[in-house]
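Visitor: Take this structure, written in structure tokens, and hold onto it; I'll ask about it next.
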Amino acid sequence: MATQLSDAELITSLQARVKELEAENAKLLSQLADCRSHEMEKKVYVPDERGGKSKKGNRKSEEKIEKMPGYNTRFMSHHSRRYVALKVMYFGKRFYGFASEAQMEPTVESELFKAFEKTRLLVGDKKESQYSRCGRTDKGVSSVGQVIALFLRSNLKISETNNGNSGVVLDEQHEGEIDYVRVLNRVLPNDIRIMGWCPAPVDFHARFSCLSREYKYFFWKENLNIQAMESAGNKLVGEHDFRNFCKMDAANVHNYRRRIKLFEISPTDVRYNDNQLWVIKIRGSAFLWHQVRCMVVVLFMVGKGLESPNVIDILLDTARILRKPQYTMASEVPLVLQSCEFDNIKFMCSSEAGEALHVHLVNECQIYQLQAAIFHEALLNCVPLSNDQSLLHFQGSKKKVSHVPLMSRPTEPSYEERRAKLNTVA
């Protein structure tokens, strides 16, 4: 009788199978691109009756291609291409998340593909590019270490040892290659930048090949009890069922166990008046939907003295707490996807591209500091409050916010209840 695989073994097996399918898909897409390239060339270059090339037919075909959406991506499929991993930075304030599937514009992903098309780097459409992303950050969330992978146009000649991958550069050579960082950063909006690139094997997947992801969450210390927050946060480290620390997606996610590898709270060197900016660092193999923001808001409750650090143990005990208490997660603005870790992926950047990137980021920092200076100047020029108003303001600011303990709040439906409802609808 066959033994039943554990969740971890099943996940490992499925990830291995995904890599096999991605490699096979790369070969098929390459062959498809070659076929379409030859077909397109036949349509564009139509011989006339005298054996020459008909300028009229050629012009009409080109006009037709120009009107096609994403015109040059298919027409350029005869170019050599290589599978590339890109490290991406973006300031998330104006974006409706990273993924373009959000049906709202702008998204970071949509801006990236506009840049790929504008620079003629995209060969084939998005599906044919074997595109993958490491993290799908939400609206307003930023990143300095997001990673994507896809096929891009290459300047290099095809090696003779391509093993059937027609048109695909497989070696790791980068001398003479397109400076992807410089080319893309010239056309991207100011709040998106490519930080580096790396040749990647065709079976690489930005999501499934990722070993760990690290997030940072910035916050002002104010009167928070950092020691209590640290005590509570350390309870999150290890492998747990985090269904009470996420937005549950019962239709697509059936395993809510995740491993947190590191939790740290530390001060930064940024201060405003008597307040200091601190940062929470959380590293894990993978994260559930809104998991970081849910964990952070519970830590803030602990830091304010509204909950005991032991509330973490209670919420992690899913045999006891079957339904997640209702609470509002922490703001998305201070959350940053800091880094994504992979085996054998070393990002590079030319000296010219690196210098331009540094100048740009310094300029953006100065712009935001100027804006902060203007707001500070407005604060200094506020109309002074009278003594009575000052007293009322002081008393109002000290008024304790009403807090309902987490374990006394209404709860959300459990995973089993959500699944039952889905099955009923189906």
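The values are calculated or read from the model by the stated rules, or taken from the named source; none is laboratory data. What you see is a predicted model, and the numbers here were worked out from it, not measured in a lab. For neighbour counting, all protein chains shown are included, and Cβ atoms are generated from backbone atoms with ideal geometry for every residue, glycine included. We work out accessible area using only protein heavy atoms, side chains counted, and drop any ligands, DNA or RNA first. Shrake-Rupley method; radii C 1.70, N 1.55, O 1.52, S 1.80 Å.
Visitor: Under 7 Å between Cβ atoms, which residue pairs at least 6 apart in sequence (or on different chains) link something in segment 199-217 that is under 26 Å from D179 (Cβ atoms) with a partner that is assigned to a strand (DSSP E or B) and basic (K, R)?
Guide: Pairs found: P199/R82; A206/R133.
Visitor: Output the strands (runs of 3 or more DSSP E) that fall wholly within segment 184-285 and possess 3 or more residues being crowded, with 19+ Cβ neighbours inside 10 Å and either touching a helix residue (DSSP H, G or I) at 6+ places or on another chain (Cβ under 8 Å) or on the phi < 0 side of the Ramachandran plot (or both), or say none.
Guide: Counting at least 3 such residues, we get 192-199, 212-220, 257-272, 275-284.
Visitor: Being closer than 17 Å to N185 by Cβ and at pLDDT 95 or above is the filter here, so list the residues in segment 122-141 that pass it.
Guide: none
Visitor: Return the residues of segment 390-406 that are at pLDDT below 85 and open to solvent by 100 Å² or more (accessible area, probe 1.4 Å); say none if nothing qualifies.
Guide: Here is the first cut: in segment 390-406, the ones at pLDDT below 85 are 390-401.
Answer for segment 390-406, where residues must be at pLDDT below 85 and open to solvent by 100 Å² or more (accessible area, probe 1.4 Å): L392, H393, F394, Q395, K398, K399, K400, V401.
Visitor: Here's a follow-up. Of these, R133, R81, R120, which one is more than 17 Å from E332 (Cβ to Cβ) and either without any contact (Cβ under 8 Å) to a residue 24 or more places away in the chain or in contact with a Ser or Thr (Cβ under 6 Å, 6 or more places away or on another chain) (or both)?
Guide: Result: R81 is the single residue among R133, R81, R120 that is more than 17 Å from E332 (Cβ to Cβ) and either without any contact (Cβ under 8 Å) to a residue 24 or more places away in the chain or in contact with a Ser or Thr (Cβ under 6 Å, 6 or more places away or on another chain) (or both).
Visitor: Another question about this same structure. Could you check segment 184-205 and list, in sequence order, the residues that are more than 14 Å from H360 (Cα to Cα) and touching a Phe, Trp or Tyr at 6+ places or on another chain (Cβ under 8 Å)? Walk me through how you get there before you give the answer.
Guide: First pass over segment 184-205, keeping only residues more than 14 Å from H360 (Cα to Cα): 196-205.
If the condition is that a residue be more than 14 Å from H360 (Cα to Cα) and touching a Phe, Trp or Tyr at 6+ places or on another chain (Cβ under 8 Å), then G196, W197, C198, P199, A200, P201, V202, F204 are the ones that fit.
Visitor: It is to be established whether one or more residues within segment 361-383 are aliphatic (A, V, I, L, M), part of a loop (DSSP other than H, G, I, E, B), surrounded by 10 or more Cβ atoms within 10 Å (Cβ to Cβ) and at pLDDT below 95.
Guide: Scanning segment 361-383 turns up no residue that is aliphatic (A, V, I, L, M), part of a loop (DSSP other than H, G, I, E, B), surrounded by 10 or more Cβ atoms within 10 Å (Cβ to Cβ) and at pLDDT below 95.
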